[in-house]
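For reference, the structure discussed in these notes is given below.
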Amino acid sequence: MPSRHGLNRASPYLFLAPAAAVALVGLVYPMLRSVWLSFHEWSIGTPPESARFVGLENYRWLLADDAFWVSVGVTMTFALAVVVLEVVLGVALALVLDRDLRGTSLFRTVFILPMMIAPIVVGLIWRFLYNEQFGPLSQLLKALGLPGVPWLSSPDMALVSVIIADVWQWTPFIFILALAALQGLPASAIEAARIDGATRWQTTLYIKLPLIAPVIAVAALLRLIDAFKVLEVIYILTEGGPGLSTEILSLHIYKTAFVSQQLGRASALSNLLLLIVLVLTVLLVLARSLRASRAGKE
Amino acid sequence: MPHIRIRDLQKHFGDVAVIAGLDLDLADKEFTVLVGPSGCGKSTTLRMIAGLEEASHGEIWIGEREVSRLEPKDRDIAMVFQDYALYPHMDVARNMSFALRLARYPKAEIDARIRRVADMLSIGHLLDRKPAALSGGQRQRVAMGRALVRDAGVFLFDEPLSNLDAKLRNQMRAELALMRKRVEKNMIYVTHDQIEAMTLADRIIVMHAGKVQQQGRPEDLYRAPANLFVAGFIGAPPMNFLPVRLGSQHGLPVLLGRDYTLPVPSARMAALAPYAGRDLVAGIRPSALRQGRGPEGAPALDLHIELAEYIGAHSVLVTRCGGERVIVEVNSEQRLAGEGEQPFWFDPDSLHLFDPETEAAIR
């Protein structure tokens, strides 16, 4: 029956159409528009028709711009540092709290609270904490008779401070996923390891960690993608300063677009950021599937 | 190879005593089966011997060492779990060698041991597979192999066959029976399946409600159950129980039921003396009842046949005797002559008698 056959073939697309339409309007159009814009020179407030085609000029200019490369370096340092720290801390916390002791459920709840707070508020909290005259951290150092730390005013320290704030907010994300993965592990396999002579540490190293590794890898990838796009907390804390010391790419894009009002260059920057994140993601996914297929053959 | 001594072992969860004072002596190279219904404390006992569960009270001796405060790894034990508990991320060889690698055995020694055990269990061709790529029976063998390469003094089995389907379970049970002849170790095996217990054990320990009900060789438990629980638990189909009262007929003591009269086994005359006029429970195995009137003077029960279940070589008859249900096991070759009420005779010495208050056997 050809008609039924035809319906069967078309129906999946029919069902997918609404979602595809939303994606088209909300995702594909802005992306294409951004690509189009990156080949033009255009300022906010002027009519779109006044945009002038400049070819690859925006990209050429960016790649020759020192500020761009500084920003790439800051972003890479920031993203790598926060992901490594958050994974190590999050997994360690999960290992510590993966047991049935009184009070652990309270700790679990407390530890995931930072993740629930809006990034702007996190920025404000840490700006207060880091305040060099009245902030609790400075007060504490003073009370201990220690010299003050230029949390946000020194170029070297500012990036560290910003990393600390992000680690504070997002370690819980790794923590809850790692904890869920740990609690899903088969209890008897861990008991078998105890019988086989594994110490607590060896059980963690040889049984628990390898078994939760796939979950952690996905969580870390999500965090990495997010870390490349972080904006609010740093905007509130340092606005990219001092100098360019904390000017991550998304902040650089923001400033190029809305401070310098160069939308073409900002679009070119966005596209480069997208490209970096895309390449990183593909590489990581490839590495994982390569390892998985090798493990399957073993 | 050590023997195991357990003294006043107790386990409490809050106010609930799961094991209330257990004493056991397990001899060298003995295959001991702890059997009982779920919740009887047999698995908890095994886990306390393994060190996975902390004893609330009591002592566990393995050989000359008191181990109840030691970590599992220091107790010289190996264990096979109900769900196999294989390490999912390691292949079979690495699963089996995990303990040896932790103990830093030389590689040649590890390889030799794995090859020997893998050959014994016929899993040599599976060594580079992950557990996910194995069938249930293969996983079971690997779990067994992982315990065997350890060469520990005591092997513990926690319901190792209960996750297998019936056919595979029978096959693995037979292989276990063969394996235990080759591996002369102290083995403790927990199961709720009395057939596994009967076929594998040198010694069966029947547990119920956290207490040992009876222990002994399988045939002793079958022939002379110590109480009503053991009598009903060991043997399939289970023993029939008939309420009776010790009375007399023509000056001779007899067991009077509602619609039946049973003779008093001559060997029990003396033991029954204090029970004159009192209620008793008479037990008779389904296989002890035989169709017909039997030889002259043999006691018989008139049973009303309600259902005949054909199993193959045997058939199980579901019958009524007065208000009581009586199960009879007959050879399927013997064609049943007719339906309805039929006489079934038995040897009076095959009767078991129990005190209904203490539930203990009267011997």
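Each principal axis of the Cα cloud of chain B was taken in turn, and the coordinate range along them, longest first, works out to 81, 46, 33 Å.
Ranking B:G36, B:G51, B:A226 by how far each Cα lies toward the positive end of the dipole of region B:4-233 (charges on Cβ) leaves B:G51 at the top.
From the largest down, region B:184-239 spans 34, 23, 17 angstrom on the principal axes of its Cα atoms.
Shape of the protein assembly as shown from its Cα gyration tensor (a ≥ b ≥ c, root eigenvalues): rounded if a/c is under 1.5, otherwise prolate when a/b > b/c, or oblate? All intermediate terms of the calculation are to be shown ahead of the outcome.
Values: a/c = 3.03, a/b = 2.42, b/c = 1.25.
Prolate, because a/c is 1.5 or more and a/b exceeds b/c.
With the dipole of the protein assembly as shown worked out from charges on the C-beta (+1 for Lys and Arg, -1 for Asp and Glu) around the Cα centre, which of A:A158, B:S350, A:V285 lies farthest toward the positive end? Farthest towards the positive end: A:V285. Relative to the Cα centre, the charge distribution of chain B, modelled as +1 at Lys and Arg Cβ and -1 at Asp and Glu Cβ, gives a dipole magnitude of about 1240 debye. Secondary-structure-derived ellipticity at 222 nm for the protein assembly as shown, considering helices only, amounts to -14500 deg cm²/dmol, per-run term -39500 (n - 2.57) for DSSP H runs with n ≥ 4. Candidate cross-link partners of B:K73 among the lysines, defined by an alpha-carbon separation under 24 Å and a same-chain spacing of 8 or more, comprise A:K208, B:K11, B:K29, B:K42, B:K107, B:K185. Between B:M207 and B:V35, B:G36, B:Q213, the built amide H atoms are under 5 Å apart, and every one of these is 5 or more places off in sequence or on another chain.
Let me know the shape class of chain A, please: from the alpha-carbon gyration tensor, a ≥ b ≥ c as square roots of the eigenvalues, rounded when a/c is under 1.5, otherwise prolate if a/b is greater than b/c, or oblate. Kindly include the intermediate steps, with their values, before the conclusion.
Details: a/c = 2.20, a/b = 1.13, b/c = 1.95.
It comes out oblate by the Cα gyration axes.
Between A:F53, A:F134, A:F173, the residue with the greatest mean-square fluctuation in the GNM of chain A (Cα pairs under 10 Å linked by springs) is A:F134. Highest GNM mean-square fluctuation among A:G145, A:G90, A:G240, for chain A modelled with Cα contacts below 10 Å: A:G145. The H on the amide N of B:V18, modeled in the peptide plane, is under 5 Å from the matching H of B:K11, B:H12, B:F13, each at least 5 residues off or on a different chain.
The dipole here belongs to the protein assembly as shown: it is taken about the Cα centre, uses +1 on the Cβ of Lys and Arg and -1 on the Cβ of Asp and Glu, and is about 1300 debye. A simple charge model with +1 on the Cβ of Lys and Arg, -1 on the Cβ of Asp and Glu and nothing else charged puts the dipole of region A:196-298 at about 360 debye relative to its Cα centre.
Within straight-line reach of B:K130, meaning a Cα separation under 16 Å, sit the following aspartates and glutamates at least 8 residues removed in sequence or on another chain: A:E298, B:D83, B:D91. Span-like helix check, chain A: qualifying full DSSP H segments, with Cα axial length of 27 Å or more and mean Kyte-Doolittle of 0.5 or more, are A:66-97, A:155-183, A:209-228, A:263-297. Neighbours of B:S287 by Cβ distance under 15 Å: Lys/Arg scored +1, Asp/Glu scored -1, total -3.
Taking square-rooted eigenvalues a ≥ b ≥ c of the alpha carbon gyration tensor, is region A:68-182 rounded, prolate or oblate, where a/c under 1.5 means rounded and, failing that, a/b exceeding b/c means prolate? Oblate, since a/c reaches 1.5 and b/c is not below a/b. DSSP beta bridges fully contained in region B:4-233 are about 55 percent antiparallel.
Taken together, the values in this text are just the output of simple stated rules run on the coordinates, not laboratory data. Given the structure is predicted, the values throughout are model-derived calculations rather than measurements. Using ideal geometry, Cβ is built from the backbone for each residue, glycine included, and neighbour counts are taken over all protein chains shown.
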